[in-house]
Amino acid sequence: MKTPQLSAVWKLLGRLMLLVGALLLAALALGPVVLRGRVDAFYGRFTGPPAGSLILGTSRAAQGIRPALLAAQLGQQFEGPWLNYAFTLTHSPYGPAYLRSMQRKLRSEVRKGLFVVAVDPWSLSLTGPEGVYPENNSFIGQLHEVSQNPNLAYLTTYQTKPLYRLLLDYATATERLHPDGWLEVNIGTDSAQVRARTARKLQDYRLLAASQHLSAGRLQALRQTVHFLQQHGQVVLVRLPVGPSLLALEDTYQPDFDGQIRRLAAQAAVPYLDYSRAPYATTDGNHLQRSASGPFSRQLASDLRKLLVH
């Protein structure tokens, strides 16, 4: 006959076994998500091996340029792996932190890489005094291990969702980060949705234009970025397509931006390709639609194949 104390012990052991079983099941379910880099829109870029060719910039480049399509046309000329290492305007405007992060991500022995450096006025702008870069306090500035799988430093510091949310969010996510760093965004693209998003995005950038200035420090960081990458291969500056209303705002905000980039490119002896007025469809005036990212990437690859030295 069981005593009350013995019954309590068995109940406790049963609960512990259930807890251990639940944890094991969770680990088995989460393992593939974490090990394949499918945690969020950034994590996978920090788990793959060091890269041989890079795409750099903000979310325009992250969504708009597909490394696999560039590699399909140019892979015999340039070293891999090919990686889209562009993040967002918050995380990866040009500055000392982004430069250090890409230096960590690039294989040091690379000499025949291709580096597509996407530019626009916002990625070279700053709010507040020169030399104070907000991204220094983000994972771009703080994460030292950028090629580790699993990347425990990222998971414990920058991935803040409860673990169970990783499975739920992965199953329903509109964003999918591909192993080559391309961020695929699957959202509605009917005309009403695009108009509404474009109006909101335009308002966001009007506020930025009122509070920011083109930063001498970010321009210098861009020069340093180009100089560093030239030691490892060929560099090309690219301005991606945007909607006409946002382009008009950019022209008002920085009317000489294109001239400044052309002068910078000439001084560094690198090509500059300006697609800002190219008629590719966007989701919000700022980012290329998923269906447009393929044709644009193939056009970019074709232009680069004709332009760059073999």
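Bear in mind these aren't lab numbers, they're just calculated from the coordinates by the rules spelled out. Worth saying up front: this structure is predicted, and the values here are computed from it rather than measured. Every residue, glycine as well, gets a Cβ built from its backbone with ideal geometry; the counts of neighbours run over all protein chains shown.
Numerical summary
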item	result
Chain lengthening between residue 152 and residue 278 when straightened (0.36 nm per residue, less Cα-Cα)	41.2 nm
Neighbour-count order for 98, 275, fewest beta carbons within 10 angstrom listed first	275, 98
Residue 206 versus residue 220: modelled label distance in nm, points set 7 Å from Cα along the beta carbon direction	3.5 nm
Extension gain (nm, one decimal) between residue 307 and residue 108, 0.36 nm per residue minus Cα-Cα	69.1 nm
Amide N of region 126-154 lying under 14 Å from the label point, which is placed 7 angstrom from the Cα of residue 100 along Cα→Cβ	132-146
Those aspartates and glutamates that a straight Cα-Cα span of less than 19 Å connects to residue 306, excepting residues fewer than 8 apart in one chain	79, 274
